[in-house]
Amino acid sequence: MPVLKTEVSECNQPVFQEERQQAIVARTALLYFLAEVALRRFDEAHSWLRIATITGCVILVAVLLAPNAALATDSDGSETPQRVVILNATDPYLPAFQVFERALRAAIVSNSASPVELYGETLDMHRFPHALLEKDIARLLKRKYHDLKIDVVVTIAPVALDFALRYRDETWPGADIVFNIISPKLLDERNLAPDVIGLPHRLEFVETLDLALRLRPQTQTIAIVGDIPRACCEFLAPARAAIKRLEARVDTQLIIGLSTAETLAAVEALPPDAIVLYLAIYRDLDGQPQVPRVMLERLSKVSPVPIFGVFETYLGHGILAGSIASFGVQGRKTGQMVARVLNGEDPAAIGIQPPVAPSCMADWRQLRRWDIDPDLLPEGCEIRFRELGVWDQYRQQILLVLGVILAQAGWILALMRNQRRLRKTQAGLEAECKRRKTAESLAAQLRGRLARVSKERGLGTMAAAIVHEIDQPITAILNYAQATKRRLQGDRESKAKSIELLGKIEGQAERAGSITQRVRSLVSSGEPQLEPVPLYPLLEAVIRMIEPEIESRSCHIRCSLTGEAPTVLADPLQVQLVLVNLIQNATQSLADDTDTGADKEVSVDLGYAGKDQVEVSVTDHGPGVPPERVGDIFEHFYSEKRGGMGMGLSIARTIVEAHGGKIWHEPNPTGGAIFRFTLRATAR
């Protein structure tokens, strides 16, 4: 006798309630068993033992029923759960039924409005003859559930439905029946009551064979592999009916009801242009129970041709593809129907639902094994177990890395190109720098030469004054030398007078030497020799030196002194050169003015600017300096005069800055220009 498997699960209830119900069921079953033993022993016992036996049984029953009563009354007032029995005709641990029952239980629990207790039972008719054991199982289930009200019985496979229909009234009185895993054809053969509802299961052999021929158009033979037809699962008849319409195109080979070794050998011997349609093998010819999926895996290892099937759990274990209705979807929809019944909906109103529509499913690994292009599959076909390549698994990461690499490469190329440009630019700049240094060196030399030329031209104006200055000491030297000579020739002993005359000669020679030294320092680039110099007499001397030039230009000079006569720290000769340049520029500006009525006067003003500065300004009423050229007038080589070298104002700025002063230009409000410069004053 097979071992009956009992599963009890409780949803939305505390753990102690589950233990209480299990204890009630267990004690009740044990009570019935012991009662049977007691009755048999009672018939065999002597009269004096019968009383003892009856007494012992009464005590035992009391002991067993006492906990049951306690458990039954140990109620916390919670809602009474509804109960569902899941009756499987075969092994519930088969993969297909595991998928189905897992989805079924989850759907019942999630869709029920009240707590639910689930009980699992199996008839196991595939491995054991149900005709011999059916009544024994019925009696056991009747005893097991005699004091439990079952609300719904869920049957899996035709044998389970037939069993529930026959024994419902005595085992689960008042329970509604919800069936599954039964073909529409077998369902039509049964006259079901309105409270028997469910979800038929359709096996699409026609669509599966069409799919097989689509993927293997060279097929000439279809081999059907399975065990002998059984009442619980009749697959051979619908499979042969599907092949019958293809008789003109292919041959049929039946590998049915053989031993395991014979089945493997027959499949291994198939020609290359064949395919296999695998049904299921629960028991082979030798009477050995088999697991259909395990048998499929063994067949797949030896088969020289692809294998097709109609069960979802075969995918990944040997079949290439098939038109398959998902066991998970069937379990979920069946569980939803059960929940509707538990929630109080009339089963007759729910009725029998249409089968779950099958869909194309394929195994990626088998497609690769048999070198079949996935593009041959129908549109929307689900491909499972796809072995993703590196590109498929890490496409985003690869694209991201490639993007980063390309960006870096572009950046590196841009940097390299910029580096080449920078090198070219740097080389060009270095060459330009060399050319500029050479040009600047040459320009500096030219500026030095021009400065010396300009100084020499300025000294030309001052030549008369310089000659006059030097002529005096030279004449004195000559007179003193002649007197000394006459004294020496007269043989008069006047040594003291001769020494005095020689001293005067020495003094006049030193005076002439200082004059020539200042002229040399002006021409050279040495530092000025500063000494206290009365500025106004120095200005008068300059005017006397250039008086002929002033008169030739019909100009006159007006000198103005503000306050006391200033004394400055300066090199007289260099300051004279600055004054000569400024006064000559002013008179030249007036001479070039074509306005005959213009004022030809040049004003030279002296005065203190603060405690330690003396300011000198030279003002004219000529055309003035254009505003846009004001910033250039003190630069080298700038000149507005014909024949001018543009060095006068530049030299003047150099001399003034060497004396610690500054020189600048201002426009004359009445027309013309004003040039001002400052020198350091001596302490007053």
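The values are calculated or read from the model by the stated rules, or taken from the named source; none is laboratory data. It should be emphasised that the depicted structure is a prediction, and the values quoted were computed from it without experimental measurement. Cβ sites come from the backbone with ideal geometry, for glycine too, and all protein chains shown count toward neighbours.
General remarks:
Let's see how each residue does on (1) in contact with a Leu (Cβ under 6 Å, 6 or more places away or on another chain); (2) small (Gly, Ala, Ser); (3) under 16 Å from residue 652 (Cα atoms):
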site	(1), (2), (3)
528	no, no, yes
574	yes, no, yes
583	no, no, yes
590	no, no, no
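- Set 105, 127: member being outside the structural domain of residue 317 (by TED's automatic domain parsing), touching a residue at least 60 places away in the same chain (Cβ under 8 Å) and within 15 Å of residue 335 (Cβ to Cβ): 105
- Figure legend. Inter-residue proximity from the range 185-199: first residues closer than 12 Å to residue 351 by Cβ, second residues of a type in the set (S, T, N, Q) and outside any loop (DSSP other than H, G, I, E, B), beta-carbon distance below 8 Å, spacing 6+ or different chains. Indicated pairs: 198/155; 198/180; 198/334; 199/180; 199/330; 199/334.
- For the range 661-682, the set of residues classified as in contact (Cβ under 8 Å) with a residue 60 or more places away in the chain and part of a loop (DSSP other than H, G, I, E, B) consists of 672, 682, listed by residue number.
- Residues of the range 224-265 satisfying the condition of being aliphatic (A, V, I, L, M), more than 18 Å from residue 323 (Cα to Cα) and touching a residue at least 12 places away in the same chain (Cβ under 8 Å): 228, 231, 250, 254, 255, 256, 258, 264
- Qualifying residue in the range 122-132 (condition: assigned to a helix (DSSP H, G or I) and surrounded by fewer than 17 Cβ atoms within 10 Å (Cβ to Cβ)): yes
- Exactly one residue out of 557, 546 is modelled with pLDDT under 85 and either loosely packed, with under 14 Cβ neighbours inside 10 Å or among the β-branched types (Val, Ile, Thr) (or both), and it is 546.
- If you go through the range 636-664 and pick out every residue that is modelled with pLDDT of 90 or more and in contact with an Asp or Glu (Cβ under 6 Å, 6 or more places away or on another chain), you end up with 0.
- Of the criteria (1) buried (at least 17 other Cβ atoms within 10 Å of the Cβ); (2) in a helix (DSSP H, G or I); (3) modelled with pLDDT under 85; (4) hydrophobic (A, V, I, L, M, F, W, C), which one residue 51 fails: (1)
- Residue check for residue 149: buried (at least 18 other Cβ atoms within 10 Å of the Cβ) and of a type in the set (Lys, Arg): no
- The range 201-259, subset more than 58 Å from the chain's Cα centre (by Cα) and among the polar types (S, T, N, Q), residue surrounded by the fewest Cβ atoms within 10 Å (Cβ to Cβ): 259
- None of 293, 190 is at pLDDT below 95 and surrounded by fewer than 15 Cβ atoms within 10 Å (Cβ to Cβ) except 190.
- Residue in the range 260-267 that is in a helix (DSSP H, G or I), surrounded by 20 or more Cβ atoms within 10 Å (Cβ to Cβ), at negative phi and aliphatic (A, V, I, L, M) present: yes
- Note on the range 345-393: enclosed helices (runs of 4 or more DSSP H) holding 1 or more residues that are in contact with a helix residue (DSSP H, G or I) (Cβ under 9 Å, 6 or more places away or on another chain) and within 19 Å of residue 307 (Cβ to Cβ) are 364-369.
The rows are residues; the columns are (1) assigned to a loop (DSSP other than H, G, I, E, B); (2) of a type in the set (D, E, K, R); (3) under 12 Å from residue 85 (Cα atoms).
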| residue | (1), (2), (3) |
| --- | --- |
| 135 | no, yes, no |
| 141 | no, no, yes |
| 148 | yes, no, yes |
| 166 | no, yes, no |
| 173 | yes, no, no |
| 182 | yes, no, no |
| 187 | no, no, no |
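- Some residue of the range 277-286 being outside any helix (DSSP H, G or I) and modelled with pLDDT of 95 or more: yes
- Considering (1) within 26 Å of residue 311 (Cα to Cα); (2) more than 51 Å from the chain's Cα centre (by Cα), the lone condition that residue 141 does not fulfil carries the number (1).
- Checked against (1) surrounded by fewer than 20 Cβ atoms within 10 Å (Cβ to Cβ); (2) in a loop (DSSP other than H, G, I, E, B); (3) modelled with pLDDT of 85 or more, residue 565 meets all criteria but (3).
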